[in-house]
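In what follows, a structure is listed as structure tokens, so that the remarks can point back to it.
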Amino acid sequence: MKRFHTFVSLTRKVAPLAILLGLLTPAIAQAHTVLISSTPAAGSTIPALPESITLTFANPLLTLGSAGVNQVQVTDPMNEVITSSHNVVHGAVLSNVLSPSMVMSGIYHVAFRVAAQDGHILNGSFIFSVGTPSKPVAVKVPTSGVVTLHANADGKGVFDGVGSPTDTASGTFTINFSNDTFCYLIRTTIRDVTAAHVHAASQKNMTISDEIFLPLELSSINSPKPICQKENGVSLEELVSHANSYVFMLHTKRYPDGDVAGLLDAQTIIEPAITGATLTAAAKNGDSAIALSLRNPLSVNVLMQSISTPIASGSMIFYDSNMCQGDTTMKPLENILVGAQQSQSLGYKYQGAMLSGLKEPLVVGSSVTLTLTWSENGASTHTESFVARVVAPPKGLHFDNSAMSSMSGM
């Protein structure tokens, strides 16, 4: 019985030769190619196995006479190879016949290796299933709000079967469509991670930068807070719309082509609604008070844990019931609870939040982006960005003496 790893081994032996042969062809300005579609489609479930498999690439493939540069191989659920040694190329289309000894339901693995016109070798793999298709679940891509993607990764998630047999990792990826930010956390015990990426699941030559969908910072591994980066909104919509077509992968020196990997899974998160956010004007190195109203639409309690911004060196949320009696000491809180389906206001006195050590002045009429960190009953932690308008401080607002007690309403 032929095994799937035989194809992988062959790929590694033939690839350098194919590259060399590609360099000997006339110099034509052609881009690398990528897989754009297949029949059966990657990740699909079909009722019956077809007579052939067809892969369509973005550009015509390089052919070198009788040399088997372009190959596709399919293995059935019993890990038996069901494709022939005769691969057919017509321009950008690669095909092969399927000749199983027995047609069965289950997961079929597809592996391919093709050469682009510039000699670049692309290795890839994906899966499809034969059986009764499950009812598709439509994923509605929001134009605002937050979507969280999860992935559990292990060596089996590396489709070519060369991942670690023992390592594991998990990733949480939060997309905020209101400001096109992509935040993430990685949890793993792997100590020698060299790279982390989100890849298209059907593109597995992961050492080429133009085949990486989203690079991930290694500082996000076991970080206490998410790492956030700006991304193109169209890319984020594509990621959410086809989450299970993308894979989270970690690379190490031991497994440079992929130590662990796992498909992304989408889960829509409803965020608390923040309205009326303001900051008080202040000088550089000074302090500013935050006021806002937060509505909790969830069926569980929400804990507001912190409000921060890069333009301040520190921040805190506070409560002091004696402030009106001249005690201006602001006692820091770990969180402020907002009950299910309830609202909570933060103001300039009693219960509120403040920034300290401003790195630039806050001028009346300007706007500042703040980040709220919150959790559902202290469980999973989320971040939400919002914009606060800078206003003049109310009369009597001071952070360093009892003049706080002269504020209106005291």
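The values are calculated or read from the model by the stated rules, or taken from the named source; none is laboratory data. Model, not experiment: these values are computed from the prediction. Cβ sites come from the backbone with ideal geometry, for glycine too, and all protein chains shown count toward neighbours.
Residues are listed down the side, and each one gets a yes or a no for (1) surrounded by 16 or more Cβ atoms within 10 Å (Cβ to Cβ); (2) modelled with pLDDT of 90 or more:
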residue	(1), (2)
Ser343	no, no
Glu360	no, yes
Thr369	no, no
Glu376	yes, no
Ser380	no, no
Thr383	yes, no
Ala392	no, yes
Lys395	no, no
* To do: Mind counting the residues in the stretch 350-368 that are part of a loop (DSSP other than H, G, I, E, B) and free of Cβ contacts under 8 Å to residues at least 40 places away in the same chain?
  => 3
* Structure fact -> Within the stretch 286-318, of all residues that are exposed (fewer than 15 other Cβ atoms within 10 Å of the Cβ) and hydroxyl-bearing (Ser, Thr, Tyr), the one farthest from Leu362 (Cα to Cα) is Ser299
* Out of the residues in the stretch 85-105 that are more than 20 Å from Thr33 (Cβ to Cβ) and loosely packed, with under 13 Cβ neighbours inside 10 Å, which is modelled with the lowest pLDDT? -> Val103
* To do: Only residues in the stretch 95-108 that are in the same structural domain as Phe126 (by TED's automatic domain parsing) count as the first member; pair them with residues that are among the charged types (D, E, K, R) and surrounded by 13 or more Cβ atoms within 10 Å (Cβ to Cβ), Cβ under 6 angstrom, at least 6 apart or cross-chain, and list the lot.
  => Pro100/Asp76; Tyr108/Asp76
* Structure fact -> So the strands (runs of 3 or more DSSP E) completely within the stretch 229-285 holding 1 or more residues that are touching a residue at least 60 places away in the same chain (Cβ under 8 Å) and exposed (fewer than 13 other Cβ atoms within 10 Å of the Cβ) are 265-269
* Go through the residues of the stretch 106-116 one by one and say whether even a single one is in a loop (DSSP other than H, G, I, E, B) and either at negative phi or surrounded by 19 or more Cβ atoms within 10 Å (Cβ to Cβ) (or both). => no
